[in-house]
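Have a look at the structure below before the remarks.
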Ligand code: HEM
């Protein structure tokens, strides 16, 4: 069972952090595109966030809490584990509660009547950059804690 939970955990953060990095590369590349193409890129980003990032972050937290049960029951939670749990949990909330819904809103935008970017675009894009960066950074802190922090 522990092996399976670790597999779910590892698959989860691969999907979450991998999807986050893909979002970043796609968003930066889309900056050089025309309005319609740029908004199309955000539809693909919306799918990446919904299909990869959200289930990945949820899988990390669910498997993480089950894996953590023996530690919590014994009351002995080492520092690296506490850091992974805290940073990973907050990061997953940021991804699922802010980053994914914002990506869904961006994915629904259409060009304005004059072919310009819609009014909501810059605001949503800023929110997406901020939320995804904080969530991704917290995910990386969890990764550092369980690797370098553990040795
Ligand atoms: C992106 C965030 C996270 C990353 C990158 C991450 C990474 C990892 C890795 C690589 C392992 C395997 C460690 C080993 O066996 O040597 C692991 C195990 C574990 N993780 Fe996470 N984790 C994250 C989030 C979480 C969260 C949110 C929780 C709890 C709520 C959690 C709880 C655990 C537990 C309990 C283990 C088993 C530790 C052990 O007994 O050796 N993790 N994690």
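We did not get these values from a lab; they are worked out from the coordinates using the rules stated. Computed from a prediction, not measured in an experiment: that's the story for all the values here. Heads up, the Cβs are rebuilt from the backbone with ideal geometry, glycines too, and the neighbour counts pull from every protein chain shown.
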Rounded to the nearest 10, the angle in degrees between the Cα long axis of helix 79-94 and the longest principal axis of the Cα atoms of the chain comes to 30
Relative contact order in percent for the chain (Cα pairs under 8 Å, 6+ apart) equals 31
For the chain, longest principal axis from Cα atoms; helix 2-30 axis from its Cα atoms; angle between them, nearest 10 degrees, is 20
The alpha-carbon center of segment 76-131 and that of segment 1-36 are separated, in whole Å, by 12
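Cα convex hull of segment 98-151: mean projected area in nm², to one decimal?
Quarter of the Cα hull surface area: 4.1 nm².
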If one compares the long axis through the Cα atoms of helix 120-147 with the longest principal axis of the Cα atoms of the chain, the angle in degrees, nearest 10, works out at 20
Under Stokes-Einstein, segment 35-115 at 10 °C and 1.306 mPa s, with its Kirkwood radius over C-alpha pairs, diffuses with a coefficient in µm²/s of 108
Answer check: the chain, Cα atoms, Kirkwood Rh, Rg/Rh ratio of 1.08
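Among 81, 11, what is the fewest-to-most ranking by other Cβ atoms within 10 Å?
11, 81
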Plugging the Cβ-Cβ distance of residue 110 and residue 10 into 1/(1 + (r/R0)^6) at R0 = 41 Å yields, to the nearest 0.05, a FRET efficiency of 0.60
